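Laboratory data are not the source of any read-out in this text; all were calculated from the coordinates shown. Bear in mind that the values here come from a model prediction, so they are computed numbers and not experimental data. Because the Cβ atoms are built from the backbone with ideal geometry, glycine has one as well, and the counts that use them run over all protein chains shown.
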Amino acid sequence: MSSCHRPLVLLHGLWDNPSVFSVLCKKLELKEVPLFSPNLSHRLGRTPLKDLARELDAYILERLGKDIPIDLLGFSMGGVIGRVWMQQMGGSLRTHRFISVGCPHRGTYSAQWIPSFLLPGVAEMKRGSCLIRELNRDVSSLKEVACISFFCKWDLMVFPGWQAKLPVGIAQPIPVLTHRQLISNPLAIQILVNSVLSD
């Protein structure tokens, strides 16, 4: 690739699609960052997150091959999918930076009432779910990745918002009021752009 920046793979969350990153992408395109944003088939939460991670793996292999180092930015559920790919499918070996934006790394109470037989992908984001426990039990594969977690203290989608932090790396609150503003507010966008461009 001719760009001096690593490719950035953007992972959207539940009930979203790649257009959620449109404002961020416009800013990053001006800086010539190569952007890749798979449209993950979460089927409104019916697809298990490990299936979505396999879909992500196939997308990365098809678009970027096996060896090119990448950065990863996950918004909301997208960050958990990214962790499954990095921690359980070897993706951490080629990931330089992981930027987590409003991700339920310790689960979220807003998913607590969702039955797993109905919406398994959503239910896996419950506090104390098997998947959340698996990911947090061994984070050794993330220790070689530059990790940063951005969160909103008042987030009602990833609740409690102040716990939307990776077990490793830096955690930083963004002074916005809602989950969606983490990826749409001009201040939040500038913080994310700076994080992508930093070395």
Task: Neighbour cut-off at most 13 other Cβ (10 Å), DSSP loop, trypsin sites (Lys or Arg not before Pro), region 1-74 - done: Lys31, Arg46, Lys66
TODO: Compute the Cα gyration tensor for region 72-183, then decide on rounded, prolate or oblate, letting a ≥ b ≥ c be the square roots of its eigenvalues: rounded whenever a/c is under 1.5, prolate when a/b is larger than b/c in the other cases, and oblate in all that remain.
DONE: oblate
TODO: Please give the calculated 222 nm ellipticity per residue for the chain, where each DSSP H segment of at least 4 residues contributes -39500 (n - 2.57) and the sum is spread over every residue; nearest 500 deg cm²/dmol?
DONE: -9000 deg cm²/dmol
- [ ] For a footprinting-style exposure proxy, rank Asp57, Asp138 by other Cβ within 10 Å, fewest first.
- [x] Asp138, Asp57
Task: 3J(HN,Hα) from dihedral phi, region 153-168, Karplus parametrisation 6.51/-1.76/1.60, rounded to Hz, x for glycine, proline - done: 4, 9, 4, 9, 7, 9, 10, x, x, 6, 9, 7, 10, 5, x, 10
Task: Of Lys126/Lys153; Lys26/Lys153; Lys31/Lys66; Lys27/Lys50; Lys66/Lys143; Lys26/Lys126, those spanning more than 29 Å from alpha-carbon to alpha-carbon - done: Lys27/Lys50; Lys26/Lys126
Task: Cβ-derived FRET efficiency at R0 41 Å, Arg63 paired with Tyr109, nearest 0.05 - done: 0.70
TODO: Work out which GluC sites (Glu not before Pro) in the chain are exposed loop sites (DSSP not H, G, I, E or B, at most 12 other Cβ within 10 Å) and give the longest gap free of them.
DONE: 33-143
Open item on the list: Pick from Met77, Met157, Met125 the residue whose mean-square fluctuation is largest in a GNM of the chain, springs joining Cα atoms under 10 Å.
Closed with: Met157
TODO: Would you please name the trypsin sites (Lys or Arg not before Pro) within region 78-143 that are DSSP coil residues with at most 12 other C-beta atoms within 10 Å of their C-beta?
DONE: Lys143
Task: Karplus 3J(HN,Hα) series, Hz, for region 9-14 with 6.51 cos²θ - 1.76 cosθ + 1.60 (x for Gly, Pro) - done: 9, 9, 10, 7, x, 5
TODO: Using the number of other C-beta atoms within 10 angstrom as an exposure proxy, rank Val196, Val168 with the fewest first.
DONE: Val168, Val196
TODO: Exposed loop chymotrypsin sites (Phe, Trp or Tyr not before Pro) only (DSSP loop, at most 13 other Cβ atoms within 10 Å): please give the longest stretch of the chain free of them, not including the sites.
DONE: 16-112
- [ ] Determine the dipole magnitude for the chain: charges of +1 sit on the beta-carbon of Lys and Arg, -1 on that of Asp and Glu, nothing else is charged, the reference point is the Cα centre, and the result goes in debye to the nearest 20.
- [x] 380 debye
TODO: Please work out how much length the chain gains when fully extended from Arg46 to Trp162, using 0.36 nm per residue of separation minus the C-alpha to C-alpha distance, in nm with one decimal.
DONE: 39.1 nm
Task: Length-normalised contact order for the chain - Cα pairs under 8 Å, 6+ apart - percent - done: 19 percent
